[in-house]
């Protein structure tokens, strides 16, 4: 899987056209043990963008086994998540967004394909050869106890965000966002942390004829934690950056990097510590103004996020 950044870099030198693409993929770290905590999607909109619904469907698969002194975890499974968002203008320089996730956990169907991929490209398979395929088990003991081993579907926690645009023109966008997540998910199904969460972040984007660069930096904090006995009730910094290259009137290619500091205090497990996720893929603009985004994500810092994820997003574009 580590060859994807190289493949992307080669594609960046393809021909280009002046079409402007959007800056970020609508993705985030889908770590099944930490997904209940609020981590907002990127603020990928212009002030004058049309109001309407957006949807992104993601599939993530991971197998992670760790043990450190008083902690241990075993995470083996596949999560399918559909995130539905509605965003609209609010006054002259403001926009808002509301997001609802729906998650299905199961043993999945990607284990065999991932094993074949590792063999075909001579990648290290990690722990996969030693465990049965297509089995669901999310287990953690230490600063809390988690044990999920039956397939399930759950509606996650609803989040609402509002952003103020300080600058928004053809060359750049600068905006400030704040958001909150309600305790509407299920703690027992790992789709809620049992508390209100909040986040504050800044968005910056610069545009050229064929290139776009964007970055976000923010802080997220839960005001309660029923998953790790209060150990995750702390502020966590997160940041994103992306580079987009327009290829022609319809297609663009993008690379995106996302990082976050530690979520769980005093944990020595990599899967609960700082994370780095790399995403790459394509953006397609249809003739009737729909934007389709597709690609894959992986743990750029090994064992800090799901091994592999695929996503497909659909949004009305101007």
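The numbers here are math on the coordinates, done by the rules we state, and not lab data. Small disclaimer: the values here were computed from a predicted structure and weren't measured. Positions of Cβ are backbone-derived with ideal geometry, glycine not excepted, and every protein chain shown enters the neighbour counts.
Quick notes on this structure:
- Pairwise FRET efficiency - residue 153 versus residue 51, Cβ, R0 = 30 Å, nearest 0.05: 0.55
- Virtual spin-label span in nm between residue 65 and residue 217, 7 Å along Cα→Cβ: 4.1
- Estimated from helical segments only, the mean residue ellipticity of the chain at 222 nm is -1500 deg cm²/dmol, where each DSSP H run of four or more residues counts as -39500 (n - 2.57).
- Relative to the longest principal axis of the Cα atoms of the chain, helix 111-120 runs at roughly 80 degrees.
- Largest GNM mean-square fluctuation among 62, 265, 244, using the chain with Cα springs under 10 Å: 265.
- The length gained on full extension between residue 94 and residue 289, counted as 0.36 nm times the residue separation minus their Cα-Cα distance, comes to 67.9 nm.
- Label-to-label distance for residue 188 and residue 276 is 4.0 nm, based on points extended 7 Å past Cα in the beta-carbon direction.
- Burial order of peptide ranges 271-283, 22-34, 42-54 (average beta-carbon count within 10 Å, highest first): 22-34, 271-283, 42-54
- Take every pair of alpha-carbon atoms less than 8 Å apart whose residues are at least six positions apart; their mean separation over the length of the stretch 123-241 yields a relative contact order of 18 percent.
- Residue 250/residue 84 FRET efficiency (R0 22 Å; Cβ-Cβ; nearest 0.05): 0.30
- Relative contact order, percent, the chain [alpha-carbon distance under 8 Å, six or more residues apart]: 20
- Spacing of the two label points (7 Å from each Cα toward its C-beta) at residue 266 and residue 139, in nm: 2.4
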